[in-house]
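Written below as structure tokens is the structure these notes are about.
The values are calculated or read from the model by the stated rules, or taken from the named source; none is laboratory data. Keep in mind it's a predicted model, so treat the numbers as computed, not measured. Cβ coordinates were reconstructed from backbone atoms using ideal geometry, including for glycine residues, and neighbour counts include every protein chain displayed.
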Amino acid sequence: MTKVTMSVNGTERSGEVEGRTLLSAFLRDTLGLTGTHVGCDTGQCGACTVHVDGKSVKSCNMFALEADGASVTTIEGMANDDGSLGVIQQAFQDHHGLQCGFCTPGMVMAAAALLKENPKPSEAEVRAWLSGNLCRCTGYHNIVKAILAASGQDVSKEFAA
Amino acid sequence: MPADGSIGAPDKRREDVRFLTGKGRYTDDINVNGQLYVHFLRSPVAHGRLNGVDTEAARAMPGVVRVFTGDDFADVGGLPCGWQVTDRHGDPMQEPAHPVLARGKVRHVGDPIAAVVAETLNQARDAAETIEVDIEELPAVIDMKAALADDAPKVHDDLKNNLCFDWGFVEENKAAVEEAFQKAAHVTTLELVNQRLVANPMEPRVAIGDYAAHSDESTLYTTSQNPHVIRLLMGAFVLGIPEHKLRVISPDVGGGFGSKIFHYAEEAFCTFAAKQLRRPVKWTSSRSEAFITDCHGRDHVTTIQLALDAENNFTALRTDTHANMGAYLSTFAPSVPTWLHGVLMAGNYKTPLIYVNVKAVFTNTVPVDAYRGAGRPEATYQLERVIDKAARELGVDPIALRRQNFITQFPYATPVAVEYDTGDYVATMDKLEEIADLSGFEKRLAESKARGKLRGLGVNCYIEACGIAPSNLVGQLGARAGLYESATVRVNATGGLVVMTGSHSHGQGHETAFPQVVAGMIGIDPSMVEIVHGDTANTPMGMGTYGSRSLAVGGSAMVRATEKIIAKAKKIAAHLLEASDGDIELKDGQFTVAGTDKSVAWGDVTLAAYVPHNYPLEDLEPGLEETAFYDPANFTYPAGAYACEVEVDPETGKVTIERFSAADDFGNIINPMIVDGQVHGGIGQGIGQALLEGAVYDENGQLLNGSYMDYTMPRADDVPFYAVDHSCQTPCTHNPLGVKGCGEAGAIGSPPSVVNAVVDALVRAGHDITHIDMPLTPSRVWSAMQG
Ligand code: FES
Ligand code: FES
């Protein structure tokens, strides 16, 4: 067992891990941050997406030891300081961008990384960016809409099919 | 219809706040003090004789508490099947045993052989590696038709053969159908495959068993759509635990789509092992494990024939389907290709004579059961494909051919045993033509052509039977359970309500929509209503959520219970107002004596119920809590019309969905935002089936695409925005809300329109093809173009 220390949502956290412990498992099992979900074992679903040093990362694709000393943000760190929903989170609620909620933390984290890089993405850019995040519930319609809305674009008109 | 309140409003979902902030409580988020972890050693082969399982080394591994094998379950029941089909000859289906852990034989890749319980998950996994299994591999039966050959290896040695049942529906129609085919002016025949799908809710299954020695009570936390059903099946049939000693909790569940209806071996295992070991036992499925243990869906091979007269009226329909059951009978498997499929074969059309034959077959594959739509997508797909093919053969417009044959008079008794109460198929088709801008197709076709792309248009209709189900009827059809739903409405002294329901939400937004119903009836703010579900200890016995039943059946139970509440509250109000209860009106949360200005508020009445100082004790009990069980009189029949436009790349065969439009009739709507979302999700899955998905077994029974690396789930860039409309509303006549259900429509209605569109594109480009089997991958479409 080895000790790892990282800043998680602005707080220094540490714990003992095995070499094979994944970052996702460390967050969930050691730190109890169960907002980060695990939906697959091949790095495809994106439910485990977090930010490591500002970059969006699939936390099941990284060993906890690799994040030693890093600054990690999870879904639990995405609300405003007063506890209200952040802009992206609020857009997901406003536009019904989630149903069962299982993919949602990963979707929000992926969307945040996208908007940081590309503040006014087109529909096609949003869809392309999300291709590493699976959702089985929404058919993606309202997720894409929510992210476009969060970027300040007008989504009031129903999209022509 | 209850009085207007917030019914019909697109209320934002209250559950979203916890999901968006990482505070959801899914089963895997739960850890019970002192819990152990189980890892299952699963069969690597599809069919084999189990000659020995040597667990000695594993038992000595660090952290291992116990290793279980099939022998530990010798005195325990097997997993039961909840539906019995009677075949054409009057015999019951063949029903094999389904042990919790394999004994004697393994019958599919993934069949559990041993279970290692250890202090940590890694220890359990490491120890499982050391188990030596002596399996004598046997030839596997994978193809359904081969499985029915006389000399085919038997999946279950104690059964006569691999035929589960041979079902004819309606058997008495058979001769008349034959005769109609002889007289037909035209017969269209189509052979097709409705491929095997993997449901793939994003949350893998999880089970945690816990046992309290002080009270002899077992608790199972599980990712289930119907905790009461699991309690009943597991308690009564598998483990022999009386229901009052067994509690099943399904907290937040990350999607189900049918695959979390069924009672699975891992649930029974964890409950059993926790009691044996006196410690909690947790199992979390990996995705790879989910692919070989969650029940699969569809997997039908069908020949369908449509007979038409000289005026192009449909005169008869017959189908011949082989339906894969997999290696064992899952909980509701026999109902899917029969009663959820055969009874829908009339579709939206007045075909007078129909005969459906289904042969259900055992193979060495993962069991197959309900997946979103369950039987109804299979029915819709074959019917809407054969109609399209007929239109092409006859040189008539496929929409006109459908319109000509629409049922227009309601109620309508079909030749396949059900009665549609309401519908307006002309209206949904009109609406579809409008929202899909079908008149603009030619222009878009020209634009595609200019870009070097082939464009096609596909349209189809669908009907489904939802609001599952009238217990009396399904009892005659073989269901071994009732399919009512329940609700308890508990009003607190200060006026807030807790509604306890047997329905379960795993994405459908019940916590938001149900309060709209109850609060709307009383005229109070929906925030005063809390929904409790997913725990057998604090909800009345209910059958759970599937078959688009939660609002139509569960919502109706809630209405009935709330009506009882209102009736009693009016009596209390009458006493407080010194009036007769017949004169009391309730509006906006205020009880008024009709025609006067005398009134008392909801909160004063509820307080009086619990602080009965001035209270008619001689006439009424104190308290305000009522329960209702609602059993529907009929199914509900949502219906609609869908259109898809595709572009096909002539070089590669790649299909892109350019437009997708859905005009649905769900009857009355409680929350249109949630309804839109349900339809979107269903369409996404339907497009997935049409273009991308399909579980592939090799001839040895190895699942070739058992992970997201190989099984192509639809992604955001595979689908467009969808145009959905549910303004056509013919309310259901037999439930108090007039609702029909919307959960499965999208998945049922969308595959045929996609395939119709691709065939259309290719035919327009001069290719001589009539059909391509799903999924329409680039290679399949490209091959069809070569050929
Ligand atoms: S859990 Fe990390 S990508 Fe699926
Ligand atoms: S909301 Fe359920 S998987 Fe996306």
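Annotations for the structure displayed:
- Applying the condition of being assigned to a helix (DSSP H, G or I) and of a type in the set (Asp, Glu) to segment B:246-285 and asking which residue is nearest to the other protein chains (Cβ to nearest Cβ) yields B:Glu266.
- Residue that is in the same structural domain as B:Ile208 (by TED's automatic domain parsing) and without any contact (Cβ under 8 Å) to a residue 60 or more places away in the chain, where the choices are B:Asp75, B:Asp54, B:Asp87: B:Asp75
- Here A:Gly106 passes the criteria (1) within 14 Å of ligand 1 (Cβ to nearest atom); (2) out of contact with any Gly (no Cβ under 7 Å at 6 or more places or on another chain) except the one numbered (2).
- Residue in segment A:56-72 that is among the β-branched types (Val, Ile, Thr) and at the interface with chain B (Cβ under 9 Å from one of its Cβ atoms) present: no
- When each of B:Thr331, B:Thr319 is tested for being part of a loop (DSSP other than H, G, I, E, B), buried (at least 24 other Cβ atoms within 10 Å of the Cβ) and β-branched (Val, Ile, Thr), the lone residue that passes is B:Thr331.
- A:Cys135 passes every criterion in (1) part of a loop (DSSP other than H, G, I, E, B); (2) farther than 21 Å from B:Gly22 by Cα; (3) within 15 Å of ligand 1 (Cβ to nearest atom) apart from (2).
- Unique residue being in contact (Cβ under 8 Å) with a residue 40 or more places away in the chain and closer than 24 Å to B:Leu121 by Cβ when the list is A:Gly77, A:Gly10, A:Gly46: A:Gly46
- Scanning segment B:538-554 turns up no residue that is farther than 25 Å from B:Ile468 by Cβ, aliphatic (A, V, I, L, M), in contact (Cβ under 8 Å) with a residue 40 or more places away in the chain and part of a loop (DSSP other than H, G, I, E, B).
- Exactly one residue out of A:Gln89, A:Gln99 is within 10 Å of chain B (Cβ to nearest Cβ), closer than 30 Å to B:Glu658 by Cβ and buried (at least 24 other Cβ atoms within 10 Å of the Cβ): that is A:Gln99.
- Each residue in segment B:124-174 was checked for being touching a Pro at 6+ places or on another chain (Cβ under 9 Å), among the β-branched types (Val, Ile, Thr) and in a loop (DSSP other than H, G, I, E, B), and 3 pass.
- Restricting A:Ser56, A:Ser14 to residues that are more than 19 Å from B:Asp28 (Cβ to Cβ) and either buried (at least 18 other Cβ atoms within 10 Å of the Cβ) or within 16 Å of ligand 2 (Cβ to nearest atom) (or both) narrows the list to A:Ser56.
- Where a residue in segment B:195-209 is away from chain A (no Cβ under 12 Å) and under 15 Å from B:Tyr371 (Cβ atoms) and its partner, wherever it lies, is part of a strand (DSSP E or B) and away from ligand 1 (no atom under 14 Å from the Cβ), with Cβ under 6 Å and at least six apart: B:Arg196/B:His296; B:Arg196/B:Arg298; B:Arg196/B:Asp299
Results for (1) under 28 Å from the mean Cα position of the chain (by Cα); (2) within 12 Å of chain A (Cβ to nearest Cβ); (3) surrounded by fewer than 24 Cβ atoms within 10 Å (Cβ to Cβ), shown as yes or no for each residue.
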| position | (1), (2), (3) |
| --- | --- |
| B:Asp631 | yes, no, yes |
| B:Ala641 | yes, no, no |
| B:Glu645 | yes, yes, no |
| B:Thr652 | no, no, yes |
| B:Ser661 | yes, yes, no |
| B:Asp664 | yes, no, no |
| B:Asn668 | yes, no, yes |
| B:Met673 | yes, yes, yes |
| B:Gly677 | yes, yes, no |
